[in-house]
Amino acid sequence: MVSKTTGIQGKGTQVKTLTLLALWDLGGAKTEVKKSDLTKRVTRTKEKAKDYQVVFEELQQTGAIAIATKNRVAKISLTDKGLQILGDGLKSQDFEFAGQQIGTPVANALVKWIRQIDTVGISQANCEKTSNQSAKDAIASYDEFKSVVLEVYDKLNYEYNFNHLVPIYRIRRAVGDRLSRTQFNDWLLEMQADDILQLQGGTVEDNAPDKIEDSITTVLDGLRCYAKLLKV
């Protein structure tokens, strides 16, 4: 494999990008890699290990890599800045290969990098989609909250035959993350103040701590575990 930039002495962005790619492929973003292993990986025909010393030094100076010596063994790791430089280098229009062939390790590393980008991209897209959906479904007013809670109450009461004593933790979990826990508490207590629901004590089945936590505790009345519909 021949790089478009033929100067090894720290002058070629291409050489630095390929060095960072090799370090990343060897796991340098997560752990330290022996300098000798990285050197063997990047050294090509007619090149010597010492040719890359300047490359390592310049990458270290820019903060792309960190070099440490432990038990007389030099080890290199890839920094967050190095990952950014690697990504920018691979996306650069100047990054290309001369000739007709490239080494298998480099080709495999590039494929691995592309797959990693796709995975991250899909993950980010899903997160954005979830975030946008949550924002779209967020409960923004007390009136909307009342409507949602009453719908959930009726559904749970019918499906699980709660005999009009619906566990508050089930209502909270059915409403989900469409509003904060504090807002849920405040508005549910407001529904009690408006004589729509009566919040009753007792305890949940199996006394599960998470179910008790998802109930409501007030200063005056203590733990309230059930909601009973008074009127619509």
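The values are calculated or read from the model by the stated rules, or taken from the named source; none is laboratory data. The model shown is predicted, which means the values in this text are computed figures rather than measured ones. Heads up, the Cβs are rebuilt from the backbone with ideal geometry, glycines too, and the neighbour counts pull from every protein chain shown. Surface areas here come from the heavy atoms of the whole protein model, side chains and all, with no ligands, DNA or RNA. Shrake-Rupley method; radii C 1.70, N 1.55, O 1.52, S 1.80 Å.
The table for this structure:
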read-out: Count of region 63-99 residues which are hydrophobic (A, V, I, L, M, F, W, C), modelled with pLDDT under 85 and either assigned to a strand (DSSP E or B) or exposed (fewer than 15 other Cβ atoms within 10 Å of the Cβ) (or both); value: 2
read-out: Check on I139, modelled with pLDDT of 95 or more and open to solvent by less than 30 Å² (accessible area, probe 1.4 Å); value: no
read-out: Residues of region 19-48 that turn out to be in contact with a Lys or Arg (Cβ under 8 Å, 6 or more places away or on another chain) and open to solvent by 50 Å² or more (accessible area, probe 1.4 Å), as a count; value: 3
read-out: Near pairs, Cβ below 9 angstrom, 6+ apart or cross-chain, from region 69-86 (hydroxyl-bearing (S, T, Y)) to any residue that is part of a strand (DSSP E or B) and open to solvent by 50 Å² or more (accessible area, probe 1.4 Å); value: T69/K75; S77/I67
read-out: Residue list for region 212-232, restricted to those being modelled with pLDDT under 90 and among the charged types (D, E, K, R); value: D221, K231
read-out: Near pairs, Cβ below 6 angstrom, 6+ apart or cross-chain, from region 176-202 (farther than 12 Å from F145 by Cα) to any residue that is open to solvent by less than 40 Å² (accessible area, probe 1.4 Å) and part of a loop (DSSP other than H, G, I, E, B); value: G202/C225
read-out: Search result, residues across region 34-58 that are over 36 Å from the mean Cα position of the chain (by Cα) and of a type in the set (D, E, K, R); value: R44, K46, E47, K48, K50, D51
read-out: Residue within region 189-209 that is assigned to a helix (DSSP H, G or I), crowded, with 18+ Cβ neighbours inside 10 Å and touching a Phe, Trp or Tyr at 6+ places or on another chain (Cβ under 6 Å) present; value: no
read-out: Filtered residue count, region 1-42, keeping only those that are of a type in the set (S, T, Y), at pLDDT below 85 and either under 12 Å from L78 (Cβ atoms) or assigned to a loop (DSSP other than H, G, I, E, B) (or both); value: 2
